[in-house]
Amino acid sequence: MVIEQEVVLHKKSFQELTVDELYELLRVRSEVFVVEQNCVYQDMDGDDQKSIHLWLTVADKIVALARVCPAGTHMKEISIGRIITTERNKGYGRQIMLHAFDAAKEHFGAKQIDIEAQEYARGFYESVGFKQSSAPYMLDGIPHIKMTWKKTQ
């Protein structure tokens, strides 16, 4: 018998994060981007302080996270980044992206959102409404593409 566990959304500004929450978000980001993907890069880039942080937990374990940056911080336009799922193929990536869209609209009035997507994930981002808006480029040793979502009336 499979017991369904509740998915809980957490959404906070940097100033609202507890020390333990910040530590856990940074730990998961490091675990995935630095260790799993073997990519040495400066994760703490100064954008976290201006961003909205979202994460999903199941039984108090982070299963997905993202941050929404206002225009002029990480990118020229409002952007979503640091998108991670720790348990794949369970729909958590789609859920966190939909919550990130909502946060971008609610907090920053988003009509356009840009992302720097790892090229292999293009299909996933297209499935939630992004379109490729640049040629492929290397970022921190990994092929990326810029992708853009625009609000439709």
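The values are calculated or read from the model by the stated rules, or taken from the named source; none is laboratory data. Remember, predicted model here, so these are calculated numbers, not experimental data. FYI the Cβ positions are ideal-geometry reconstructions off the backbone, even for glycines, and counts take in every protein chain you see. All accessible areas refer to the heavy atoms of the entire protein, side chains included, with ligands and DNA or RNA removed. Shrake-Rupley method; radii C 1.70, N 1.55, O 1.52, S 1.80 Å.
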* Asked: In whole percent, how big is the carbon plus sulfur part of the accessible area of the chain, probe 1.4 Å, protein atoms only?
  -> 52
* Given just the C-alpha atoms of the chain, how large is their convex hull per residue in cubic angstrom? -> 127
* Asked: Hey, got the dipole for the stretch 49-153? About the Cα centre, +1 on K and R Cβ, -1 on D and E Cβ, debye to the nearest 20?
  -> 200
* For residue 63, distant residues with modelled amide H under 5 Å away -> 56, 57, 58
* Enumerate by residue number the trypsin sites (Lys or Arg not before Pro) in the stretch 57-86 meeting two conditions: DSSP loop (anything except H, G, I, E, B), and at most 15 other Cβ atoms within 10 Å of the site's Cβ. => 76
* Solvent-accessible area per residue for the stretch 73-144 (1.4 angstrom probe, square angstrom) -> 53
* Quick one: check the C-alpha center-to-center distance for the stretch 13-60 versus the stretch 62-96, whole angstrom. => 10
* Structure fact -> Once residue 124 and residue 37 are pulled to full extension, the length gained, defined as 0.36 nm per residue separation minus their Cα-Cα distance, is 29.5 nm
